[in-house]
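To start, the structure itself, in structure tokens.
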Amino acid sequence: MFLRKDDMVEVIAGDDKGTRGKVLRVLRAQNKVVVEGVNRVYRHLKPSRRNPQGGRLSKEMPVDASNVALIHPATNKPTRVGVRYLPDGSKELYAKGNAKKNVPEARIRLLSKPDSKYAKK
């Protein structure tokens, strides 16, 4: 899963299909993400000392990571992503739609610093 907190994503399946939002939390063990404004549910609160009024609290619930697509910053469209090593040995996240070698607009972000183990000789 190549999603991080604060990434912009679009929901590609489910009730909220087509909705864009920011990733608030990533749950790697469950392969889920919490996206702002997506999969909202009501939590019914019983009146208590802390909350004498009671009522309904609306909150976001996790969505499976396979149901969201990362928004490419350059094209502002949802895209499939992959990982590749560059000739200097650094690792990058790239958009698969623009997968031509070393096209600058294909890069989404650098994942690691150059490492001599992965550099092309």
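The values are calculated or read from the model by the stated rules, or taken from the named source; none is laboratory data. What you are looking at is a predicted structure, and each value in this text was computed from that prediction instead of being measured. Ideal geometry is used to build each Cβ from the backbone, glycine not excepted, and the neighbour counts take in all protein chains shown.
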Next item on the list: Please enumerate the residues belonging to segment 27-45 that are of a type in the set (S, T, N, Q) and more than 14 Å from Glu10 (Cβ to Cβ).
Entry: Gln30, Asn31
Margin query: Regarding segment 39-57, can at least one residue be identified that is modelled with pLDDT of 90 or more and under 20 Å from the mean Cα position of the chain (by Cα)?
Written below: yes
Notebook entry, point to check: Cβ-Cβ below 9 Å, separation at least six or inter-chain, first residue in segment 94-121 and within 17 Å of Ala74 (Cβ to Cβ), second of a type in the set (Asp, Glu) and modelled with pLDDT of 85 or more: which pairs?
Noted result: Ala106/Glu92; Arg107/Glu92; Ile108/Glu92; Arg109/Glu92; Leu110/Glu92
Notebook entry, point to check: Residue check, Gly18 against (1) in the same structural domain as Asp6 (by TED's automatic domain parsing); (2) at negative phi; (3) not hydrophobic (A, V, I, L, M, F, W, C), all met but one. Which one?
Noted result: (2)
Next item on the list: Please find, among Ser112, Ser90, Ser58, Ser66, the residue that is surrounded by fewer than 14 Cβ atoms within 10 Å (Cβ to Cβ) and not assigned by TED's automatic domain parsing to the domain that holds Phe2.
Entry: Ser112
Margin query: Suppose we filter Val11, Val68 for residues that are in contact with a Ser or Thr (Cβ under 6 Å, 6 or more places away or on another chain) and at pLDDT 95 or above; which single one remains?
Written below: Val11
